[in-house]
Ligand SMILES: [Ca+2]
Ligand SMILES: [Ca+2]
């Protein structure tokens with residue numbers, strides 16, 4: 001008899017524990033922590049945290065279904081400690097309280113803000129949040145661990161959301177490989193059953209741009225058709241990393257799909273790396289207007305077209321790159337940006353690894369000089385032409401609220417915004433002002449100014465035909481007293497083409513588009529005279545004269561020998 005009582009008591013205790021009434025804190029926060037020990041599990045504090053995000057979202061969905069105005073004019077925040085969380089419930093409206101196996105997903109709810117990146121110890125507040133140090137991982141890797149075959153189709157689903165924030169999460173392990181027209185899956189009266197072959201990590205449909213997704217990594221997701229993320233929404237994506245996702249067909253990283261979206265989309269501060277597909281390794285766009293501002297798209301792979309971006313142009317559609325870098329370690333015959341029918345890209349203030357410098361202001365095709373390309377560090381080294389190479393105006397008009405770069409540093413540092421996702425915080429000893437170079441009357445003429453100088457010794461003027469191999473042509477000492485100046489200093493220097501060293505003179509001839517054959521012959525004659533005078537033993541050839549492209553940069557050298565590069569410019573002809 002005693003045993004029965006004990007058993008009954010135990011059962012009551014278990015039921016009470018399992019069904020702890022979820023109760024947000026007075027500040028309307030629900031706390032979720034995977035490794036919580038003890039506590040009531042009602043979510044009212046870290047000590048009483050709910051162990052599973054899936055249970056917190058199930059509860060929120062129950063409240064929403066009971067009364068879809070339950071948070072009108074208000075919001076609920078879910079704070080999620082570091083740890084790995086798996087979707088435990090079916091995505092469908094009528095089955096979301098049950099385990100649906102591969103149909104499970106985290107379904108975001110309007111006005112329920114998700115904040116990850118809290119440490120799993122102590123009693124952390126919002127200021128202690130760091131999404132990179134304390135990763136909060138939403139993993140679709142259910143069933144057999146590290147085996148994708150039994151993973152969920154979508155990890156995170158956002159549909160018809162108006163006011164929600166998703167911040168500080170890592171989304172991984174989705175496997176969108178079901179044939180279309182599978183079992184109906186209804187979310188807010190939308191059937192997403194047909195999407196089960198794209199958007200393994202994130203599937204987003206009909207959300208407003210007041211759905212703000214930031215500080216989020218989408219990595220290690222797979223899709224039969226398209227994308228680690230399938231974006232059919234205006235949701236705002238900012239400060240995101242899209243890494244190592246694989247699509248069998250299109251858009252390994254993100255797929256911007258035409259269906260349900262006719263307007264324009266702007267993606268800011270996004271890093272794409274290690275994504276693969278047939279077309280559009282990082283991104284494929286089918287929408288009317290896709291604008292990428294301060295994106296770094298590096299080392300993605302497409303087997304057929306567009307390692308970085310593939311634009312499946314519909315008539316009049318536009319893809320715009322601004323303040324961005326598109327680069328690969330091992331370029332091959334597949335174009336880094338490509339489009340159906342050769343539709344052009346609009347490119348401004350960007351570095352794109354193309355055969356020629358992209359037309360448009362402030363563009364280069366020269367090496368962006370990442371800190372460590374092979375090691376995956378895509379911050380900019382001090383010599384990078386991307387430093388201060390972007391347009392503040394473009395950034396400010398694309399982004400009104402976010403002020404940090406992807407590393408959490410000030411987004412605009414120095415005298416202009418940098419290209420790509422990371423802003424160099426190095427305080428350069430010399431702040432360059434104007435900088436131009438021209439070929440004029442047989443002379444190379446350089447004009448530049450400095451805004452300020454500290455401990456400066458001299459400048460080296462360097463020129464290059466390909467933006468990769470550089471030759472020093474002149475050394476100019478600083479005009480600032482003791483190398484220090486807090487006011488602008490102006491410099492000018494010129495070099496007769498004929499006084500350049502062997503090879504350079506011939507090389508520079510290639511930079512001149514001569515107005516007449518006689519003019520060209522006169523210059524070649526002058527140069528040959530020089531070559532003969534100074535080096536009869538060496539035989540110059542005209543074979544290295546190419547298509548008239550010549551670049552210049554200034555290397556500023558401190559009194560202690562440290563060097564920093566100006567931005568690279570193209571030498572113009574006057
Ligand atoms: Ca698995
Ligand atoms: Ca800058």
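Annotations
- In the set 439, 417, only one residue is touching a helix residue (DSSP H, G or I) at 6+ places or on another chain (Cβ under 6 Å) and either in a strand (DSSP E or B) or more than 16 Å from ligand 1 (Cβ to nearest atom) (or both); that residue is 417.
- Verdict on residue 109 being under 18 Å from residue 30 (Cβ atoms), part of a strand (DSSP E or B) and at pLDDT 95 or above: no
- A search for C-beta distances below 6 Å between a residue of segment 431-445 that is closer than 17 Å to residue 460 by Cβ and any residue that is assigned to a loop (DSSP other than H, G, I, E, B), counting only pairs 6+ apart in sequence or on different chains, returns 432/566; 435/566; 437/571.
- Of residues in segment 397-406 being surrounded by 14 or more Cβ atoms within 10 Å (Cβ to Cβ) and not in a strand (DSSP E or B), the one nearest to the chain's Cα centre (by Cα): 406
- The criterion of at least 2 residues that are surrounded by fewer than 24 Cβ atoms within 10 Å (Cβ to Cβ) is met by the following strands (runs of 3 or more DSSP E) wholly inside segment 242-304: 264-273, 276-279, 289-293.
- Residue match in segment 108-115 (condition: crowded, with 16+ Cβ neighbours inside 10 Å, more than 16 Å from ligand 1 (Cβ to nearest atom), more than 24 Å from residue 231 (Cα to Cα) and within 31 Å of the chain's Cα centre (by Cα)): no
- Qualifying residue in segment 31-39 (condition: surrounded by 19 or more Cβ atoms within 10 Å (Cβ to Cβ) and outside any loop (DSSP other than H, G, I, E, B)): yes
- Qualifying residue in segment 181-197 (condition: at pLDDT 95 or above and away from ligand 2 (no atom under 16 Å from the Cβ)): no
- Hey, residue 444 within 13 Å of ligand 2 (Cβ to nearest atom) and in a strand (DSSP E or B) or not: no
- Of all residues in segment 312-341, those satisfying the criterion of being modelled with pLDDT of 95 or more and touching a helix residue (DSSP H, G or I) at 6+ places or on another chain (Cβ under 7 Å) are 322, 323.
- Of the candidates 80, 84, the single residue that is surrounded by fewer than 19 Cβ atoms within 10 Å (Cβ to Cβ) and either in contact (Cβ under 8 Å) with a residue 60 or more places away in the chain or within 16 Å of ligand 1 (Cβ to nearest atom) (or both) is 84.
- Checking each residue in segment 35-82 for being in contact with a helix residue (DSSP H, G or I) (Cβ under 7 Å, 6 or more places away or on another chain) and more than 21 Å from residue 138 (Cα to Cα) picks out only 70.
The values are calculated or read from the model by the stated rules, or taken from the named source; none is laboratory data. Small disclaimer: the values here were computed from a predicted structure and weren't measured. Cβ atoms come from the backbone with ideal geometry, glycine included; neighbour counts cover every protein chain shown.
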